[in-house]
Every structure is written in C-alpha cells, then in structure tokens.
Amino acid sequence: MSYAHPEYLVETDWVAQHLNDPAVRIIESDEDPLLYAMGHIPGAVQVDWFTTLQHPLRRDFLTREQFEEVCSNLGIANDTTLVFYGDKSNWFACYALWLFQYYGHQNVKIMNGGRLKWELEKRPLVKDVPSYPKTTYRAKEPDKSIRAFRDEVLQQSNARRPLVDVRSPKEYTGELLHMPNYPQEGATRGGHIPNAVNIPWAMAVNEADSTFKSAEELRALYEGKGIKADEKVIAYCRIGERSSLTWFVLKYLLGYPNVKNYDGSWTEWGNLVDAPIEK
Amino acid sequence: MKLPPKLQEIVDDFAAMTREEKLETLIAYAETFPPLPEHLKDARSKMEPVPECMTLVFLFGERQPDGGILFHMDIPPQSPTVRGLATILANGLNGCQPEEILSVPADFFLPMNLHEAVSQQRLNGFAGVLMHMKNVARKMLEQKL
C-alpha cells in the first residue's frame, strides 16, 4: 500500500536535485524562526508562521491581498512548485502548506523528514539569503473546505462526528493547558471537545528521522481509533499548527476526501463561553 | 528601579532597534552562544531546569570569588531563538551579585519591544529564564554558597 497522493511528498534526494530548478521554490517554515538564519537549504526562502503569515492585528491569517504581496516578494508565481520543510518533524511546514492551499496554491509538497533528515544526511546548509525576481501573484478566494470555524466544530461535536484532538494525552484530559514543557497559557479551561479522540500528532512520524510513517501504519493508527475516510474529519490542537500535520497526513497520505483543520483550536475553544467540554 | 548597568545598556540598545535589527542581534547572540564548560557537560541533574521555555533549557550558576554569579546554560542548537534570548540575560547579568539579580523586575524587558520580533510564548519563556536565574541567586543567598 502506498500513500494516496504521493505527489504531495518529496524526499531529500529530490530536493537536492532541484535546488536550481526555477520552477521550484523551496520554503523553510520553522517553529524556531532563527533556524533559517543559522543555515538553510541552498536557495530556500523563509516564511515564519508568526511574523510572515499572521494578520498583524486580528487573530487570523494575512488577508488575501497581504498574502499576494508576500508571495510576490518571494518570487513565487501561481504555477511555482512549492516544497515546504522545517524543524519539529515539519509541523510548521505543514501549517504553511495548509495556508498556501487555503489561498489556492495548488502545487505544494512537503520534504519528507524536514530539517532533521537533511541535517542527518549531512547535506549543505548555507546562510546566503537568496532573492528572486518579484512576481505578480494572484491568490484565490479562501478555500473554506479545509478550514473549520467554531460553529462548524460545535455542529460536528453535537452530531457525534469525527474530531481528532492531536495534542498530548495530558492536554486532552485537561491536566495541562499546554503541551509538556510549553508555557501555561492560552486557555482558561482544560479538557477536549466532546466526541474528539486523542491521536497525538507525533504518532504519525518516525522519531529517528522525522519522516512520515508508512501508509499501512498510518491507516492502522487512525482507523483503529475510528477515524475513517467516509465522513468529514476535523483536526485541532492548541493553535492549529500540530493539527496541520495531521490534516496533511489524513488528506494527502491517506486520501480522506473531507478533512478540515480547526485553527482556532484549544486556545479558542477553551476560552469560548458556553462551549461544551469533556474531561 | 535601576537595572544592572550591562542589562540596562542592552535594554536601551534593543529599544532603539528596528524589528530587523532585533532579529539580527538575536541571531548574532545565538551564533556566539558559548559552549558548556567541560564540568557541566551531561550534568543536567545538577542544573536548574526552565520548564517555561519552548525547549529544554538548563541553567547553572557559579559563584565567583567576588560574590558575583556566572551563569552557564545548556540549550540545544536547534533552538537559536531561545539561545539568543537567554544570552540577553546572561550578558546582562553575568558577574552581578545575587541581590542585584533578585532586584530585576519581571517586566524589565517591556521597553525592548521584543514582541515585534518573537511570539508571546517565547517572551513567557524569556521571563521564565529570568525567574529561574533568580531562583539560583536566591538559593545561593539562602545556602550561603
């Protein structure tokens, strides 16, 4: 059994062979935004989830026009193949890919294994920041079929339809309001959305080299918890970044047709007046 | 409240920097992050953990002959932002007396406008490092180390 949509994944070898391919733009997106400055894949540009992709005022992503400007400045054309990679098993790479898809960019891929695998293979990292000729990028209307908002999440929960809580077990049970070793902040209530099953995001990747687990292993993991392809699935975590990885796995590696990421996640739900919570 | 002079200097410098300059300075700090001295390698059990940070951070304070404290930190190279932020505190406070360290207000860094460059979670971690430096200083005073 192979991945349902293997075209959304490339290996480090493929990236090494396409470093100078003008049709390909390699994009680093990390949890720690300074990693790019310490050394990155030759020719790669950076997008940071916090300073590049968030709306400067509201809790939301950049507007369509702001997103167009970011892409234009990075020299990304509408038909450029984008390869995302990053630290922490590609958490934030998946988050960036999800957002680029939200604004309609079609040709996107994740580099399997991310920064860790590239480093383990002793491949080159450089500090030169490349610049590419500016483009005129045109984003599409937001694709709301991949993003869930709170009302839809409530309907999904009330209808006892599948929700995947990808946080650590202690966050799911409400013992912690954040992941272990991360600051206690963000939500006034602990627990999980009723009917959500707990499948921590990291169970989808191999710890040794950050690559995704095989299709067989992934299918057994999610189906074993009742998360199947025949229904709409909504994934969430604390702010929507860890669940982007699960969204990517369900949608592209297992081929589930209807998967949404709830980026409001626990920092919204755990503060929402009148929202049902289970512990 | 007067800050220790070196820390005050760093605060003033950052306050005058653009966002890009702040990031460049943090990068420079991360790049010059000192290696752990031999006797502290693999000695995390002897060190003070900082659970508020987004990565594993361990602190160790050494009392100098003049009574000042020299901080050593164990922070993985995969976390340059944390290394950079922690270096602000180490550069600003190394050599200070425990009482001086304890007198640094928890919100001393607000004028630096670090939120322009790093996320709020990281600032919580930064505040956490200071809090644990104070723990180290307090223990030294209590135990007359």
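Coordinate-derived values only; no laboratory data. Owing to the predicted nature of the structure, the values given are computational and were not obtained by experimental measurement. Cβ placement follows ideal geometry from the backbone for every residue including glycine, while neighbour counts extend to all protein chains displayed.
For peptide A:33-45, the mean count of partner chain Cβ atoms within 10 Å of a residue's Cβ comes to 4. Axis of helix A:64-73 versus longest Cα principal axis of chain A: the two differ by about 30°, to the nearest ten degrees. The charge dipole of the protein assembly as shown, taken about its Cα centre with unit charges on the Cβ atoms of Lys, Arg (+1), Asp and Glu (-1) only, comes to about 820 debye.
The alpha carbon convex hull volume per residue for segment A:94-188 rounds to 216 Å³. Note on segment A:1-151: Kirkwood radius taken over Cα pairs, Stokes-Einstein applied at 10 °C and 1.306 mPa s, translational D equal to 101 µm² s⁻¹.
Looking at segment A:145-269 only, what percent of DSSP beta bridges run antiparallel? Nearest 5 please. That works out to approximately 10 percent antiparallel.
Neighbour counts of other Cβ atoms within 10 Å put A:188, A:51, A:12, B:81 in the fewest-to-most order A:188, A:51, A:12, B:81.
Just checking the listed ones, B:84, B:125, B:67: in the Gaussian network model of chain B with Cα springs under 10 Å, the one fluctuating most is B:67.
Take each residue in B:119-131, count the other chain C-beta atoms within 10 Å of its C-beta, and the mean is 3.
When the pairs A:144/A:260; B:41/B:134; A:88/B:22; A:127/B:41 are compared against a 18 Å limit on Cα-Cα distance, B:41/B:134; A:88/B:22; A:127/B:41 fall above it.
Just A:235, A:187, A:196 to compare: in a GNM of chain A, with alpha carbon springs under 10 Å, which one fluctuates most? Result: A:187 has the largest fluctuation of those listed. Along its principal axes, the protein assembly as shown has C-alpha extents of 70, 51, 39 angstrom, given from the largest down. Backbone amide hydrogens, once placed in the peptide plane, bring residue A:61 within less than 5 Å of A:55, excluding anything fewer than 5 places away on its chain.
Applied to segment B:115-123, the Karplus parametrisation 6.51 cos²θ - 1.76 cosθ + 1.60 on θ = phi - 60° returns per-residue 3J(HN,Hα) values of 5, 5, 10, 9, 6, 4, 4, 5, 5 Hz, with x for Gly and Pro. The slack between residue A:274 and residue A:149, meaning 0.36 nm per residue of separation minus the straight C-alpha distance, is 43.4 nm. Model label sites at residue B:32 and residue A:173, defined 7 Å from Cα along the beta-carbon direction, differ in position by 4.7 nm. Average 1/r across all pairs of distinct alpha carbons in segment A:145-269, invert it, and you get the Kirkwood radius: 14.4 Å. Using the Karplus relation 6.51 cos²θ - 1.76 cosθ + 1.60 with θ = phi - 60°, the per-residue 3J(HN,Hα) values for segment A:146-154 come to 10, 10, 9, 9, 4, 5, 5, 5, 5 Hz, with x marking Gly and Pro. I'd like to know which of A:53, A:78, A:43 lies farthest towards the positive end of the charge dipole of segment A:42-94, counting +1 on Cβ of Lys and Arg and -1 on Cβ of Asp and Glu. Towards the positive end, the residue furthest out is A:53. Both radii were evaluated on the Cα set of segment B:11-126; the Rg over Rh quotient, with Rh as the Kirkwood radius, amounts to 0.95. Projecting the alpha carbon convex hull of segment A:12-68 along each direction and taking the average yields 5.0 nm². Loop sites here are trypsin sites (Lys or Arg not before Pro) outside DSSP states H, G, I, E and B with no more than 11 other Cβ atoms within 10 Å. The longest part of chain B free of them is B:42-143. Annotation: amide H of residue A:110 within the under-5 Å range of A:9, A:10, A:84, sequence separation 5 or more or interchain, hydrogens built in the peptide plane.
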